[in-house]
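Please read the structure below before turning to the comments.
Derivation of every value follows stated rules applied to the coordinates shown; laboratory data play no part. Here the structure is a predicted model, which is why all the values come from computation and not from measurement. No Cβ is skipped: glycine too gets one built from the backbone with ideal geometry, and neighbour counts run over all protein chains shown.
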Amino acid sequence: MPLLAVVLLAACTTRGTTPADDHFVRIEQVQASSGGAAPGPDASTGVVTSSCGRNAERHLNADNAVISPGLPNGAHHTHEYVGNLSTDAFSTPESLAAATTTCAGGDLSSYFWPVLRLTDVVGHDDHAEGGGVHGNTGEVLPPESVTITFSGNPVSKVVPLPRFLRTITGNPSAATSGGLNANAKWGCSGFVDRFTAKYPRCPAGSRVLRTFDFPGCWDGRNVDSTSHRDHLVPASANGACPPTTFPVPRLRLVVSYDVPSGRPFAVDSFPDEHRDPITDHAMFVNVFPDDAMTRLAGCVNEGRACGPE
């Protein structure tokens, strides 16, 4: 076999392997994080749950309507979706508003994140873009549950999120950018508030959890920005939003998986990120109808627990 062919074969058969052992940690070794800021007298303490299923429809693609609109397979890894069933590289506000959804209560929003794979088996897309072609080998492991909540601000009331706002939490290039904008939060069920940027090793009977926390301070003008971050930024340590920004309902996604005991797993990533767990990220496009979002903000401001209507 020619030398070049040997080199290419070696690259194709090693770049998708399970990350090194130092990318994993036993959850018992992870310290619990401290609680957030205590709510003040003007806090918005309600919580709204949006019920969107767990992608039983297997809506998967390697597109990214937030970061790479108009570019098929622009993510170079595969995304898992709940919510809007039409979301792909060519999504527009008009197409999203006209689509169907897995969510109850009229929530047409799109929620998506990279798939998790078992890496000791051959995946269905081993020779496809987003899959094996980009180093993401292994079979996709479907989520066991997806929990979507919107909560308030510990300092003040919130204003509704604008329709068609789109944003990202975490950084798919965090491994090669020194952790810039990283927000990976891996954990295990039964271990409340223990978050790690490494893959968790969970005890028997405990599910692997991925928690995606989005910022809650909007600039009041834009539904997107060049960075897909500057229009929606985090609050300060005491919960107050930066000057010239407004508190909005804060989105949290929690995705759980039953990873078989002892089986190796990894998240999809860009090829250069080598499936590092610190690259975990998620995207959100708000397609709540305006009246539904107004009711959501009202529930949060009134301190109630609300679900799909």
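Any chance you could count how many residues in the stretch 255-309 are in contact with a helix residue (DSSP H, G or I) (Cβ under 9 Å, 6 or more places away or on another chain), assigned to a helix (DSSP H, G or I) and of a type in the set (S, T, N, Q)?
1
Take the stretch 181-194 and flag every residue that is out of contact with any Gly (no Cβ under 9 Å at 6 or more places or on another chain) and surrounded by 13 or more Cβ atoms within 10 Å (Cβ to Cβ).
Taking the stretch 181-194 as the starting set, the residues that turn out to be out of contact with any Gly (no Cβ under 9 Å at 6 or more places or on another chain) are 186-188, 191-192.
Of everything in the stretch 181-194, those that are out of contact with any Gly (no Cβ under 9 Å at 6 or more places or on another chain) and surrounded by 13 or more Cβ atoms within 10 Å (Cβ to Cβ) turn out to be 186, 187, 188, 191.
Quick one: which residue in 123, 131, 106 is more than 20 Å from the chain's Cα centre (by Cα), within 11 Å of residue 268 (Cβ to Cβ) and among the small types (Gly, Ala, Ser)? If you could, list the steps in order and put the result at the bottom.
Values: 131 fails: more than 20 Å from the chain's Cα centre (by Cα); 106 fails: within 11 Å of residue 268 (Cβ to Cβ).
On inspection, the qualifying residue turns out to be 123.
For the stretch 204-243, which positions are among the charged types (D, E, K, R) and in a loop (DSSP other than H, G, I, E, B)? Walk me through it before giving the result.
Residues of the stretch 204-243 among the charged types (D, E, K, R): 207, 210, 213, 219, 221, 224, 229-230.
Those that are among the charged types (D, E, K, R) and in a loop (DSSP other than H, G, I, E, B): 207, 219, 221, 224, 229, 230.
Just to be sure before I move on: is residue 105 surrounded by fewer than 24 Cβ atoms within 10 Å (Cβ to Cβ) and either polar (S, T, N, Q) or out of contact with any Lys or Arg (no Cβ under 7 Å at 6 or more places or on another chain) (or both) in the structure I sent?
Details: surrounded by fewer than 24 Cβ atoms within 10 Å (Cβ to Cβ): yes; either polar (S, T, N, Q) or out of contact with any Lys or Arg (no Cβ under 7 Å at 6 or more places or on another chain) (or both): yes.
The answer is yes for residue 105.
If a residue must be touching a Gly at 6+ places or on another chain (Cβ under 7 Å), closer than 18 Å to residue 52 by Cα and of a type in the set (Ser, Thr, Tyr), how many such residues does the stretch 98-154 contain?
Counting residues in the stretch 98-154 that are touching a Gly at 6+ places or on another chain (Cβ under 7 Å), closer than 18 Å to residue 52 by Cα and of a type in the set (Ser, Thr, Tyr) gives 5.
Among residues belonging to the stretch 236-261 that are out of contact with any Asp or Glu (no Cβ under 9 Å at 6 or more places or on another chain) and among the small types (Gly, Ala, Ser), point out the one that is surrounded by the most Cβ atoms within 10 Å (Cβ to Cβ).
Pass one, the stretch 236-261, residues out of contact with any Asp or Glu (no Cβ under 9 Å at 6 or more places or on another chain): 236-243, 247-249, 254, 259-261.
Within this subset, residues satisfying the condition of being among the small types (Gly, Ala, Ser) are 236-237, 239-240, 261.
On the way: 236: 12, 237: 8, 239: 20, 240: 17, 261: 9.
Of everything passing the filter in the stretch 236-261, 239 is surrounded by the most Cβ atoms within 10 Å (Cβ to Cβ).
Please go through (1) over 15 Å from the mean Cα position of the chain (by Cα); (2) crowded, with 20+ Cβ neighbours inside 10 Å; (3) closer than 24 Å to residue 30 by Cα; (4) not aliphatic (A, V, I, L, M) for residue 178 and return the number of the only condition it doesn't satisfy.
(2)
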